[in-house]
1. Arg56 label point, 7 Å along Cα→Cβ, cut-off 16 Å on backbone N: hits in the stretch 1-22?
2. How far is it, in nm, from the label point at Ala24 to the one at Met67 when both lie 7 Å from their Cα along the line to the Cβ?
3. Under DSSP H, which helices of the chain have Cα atoms covering 20 Å or more of the helix axis and a Kyte-Doolittle average no less than -0.5?
4. For the residue pair Leu40 and Cys82, what label-to-label distance in nm results when each label sits 7 Å from Cα along the Cα-to-beta-carbon direction?
5. Which stretch or stretches of the stretch 30-50 have amide N atoms under 18 Å from the point lying 7 Å from Ile16's Cα along the Cα→Cβ direction?
6. Would you mind classifying the chain by shape? Square roots of the alpha carbon gyration tensor eigenvalues, ordered a ≥ b ≥ c; an a/c under 1.5 is rounded, otherwise it is prolate if a/b is larger than b/c and oblate if not.
7. What aspartates and glutamates does Lys6 reach when the alpha-carbon gap must be under 16 Å and sequence neighbours fewer than 8 apart in one chain are set aside?
8. Just the number please: accessible area per residue for the stretch 1-68, 1.4 Å probe, all protein chains included, in Å².
Amino acid sequence: MRSKTKWALAMGSCGILILLTAFALKGILPNKADGILFGLGSMLAALGCVRFLLGRFEERNPGQARMNEIEAKDERNEAIRCRA
């Protein structure tokens, strides 16, 4: 497993831990702190999950990953995105 997917799993795990902490401290913390914990935890969990899945896709399909990288760095596509 590459370091990219390891970091993504760690990020997702931290997000889940923050969400569990927010659920455990729901009545104790002020509403603003509770909302921040819920937002941060859900964002980290979702971002970690998505990055892990994209990393696994790139590991299994290296040709498609190279094509996506070339397309993302292509100057013509960048100019089209800027004009849109």
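1. From the stretch 1-22, the list is 1-13.
2. 4.7 nm
3. Span-like helices in the chain: 3-24, 31-60.
4. 3.7 nm
5. Once the point is set 7 Å along Cα→Cβ of Ile16, 38-50 turn out to lie under 18 Å by backbone N, inside the stretch 30-50.
6. Taking the square roots of the gyration eigenvalues as a ≥ b ≥ c, the chain is oblate.
7. Glu58, Glu59
8. 72 Å²
The values are calculated or read from the model by the stated rules, or taken from the named source; none is laboratory data. Everything numeric in this text was worked out from a predicted model, so none of it was measured. Quick reminder, even Gly has a Cβ in these numbers, built from the backbone with ideal geometry, and neighbours come from all protein chains shown. SASA here: full protein model, heavy atoms, side chains in, ligands and nucleic acids out. Shrake-Rupley method; radii C 1.70, N 1.55, O 1.52, S 1.80 Å.
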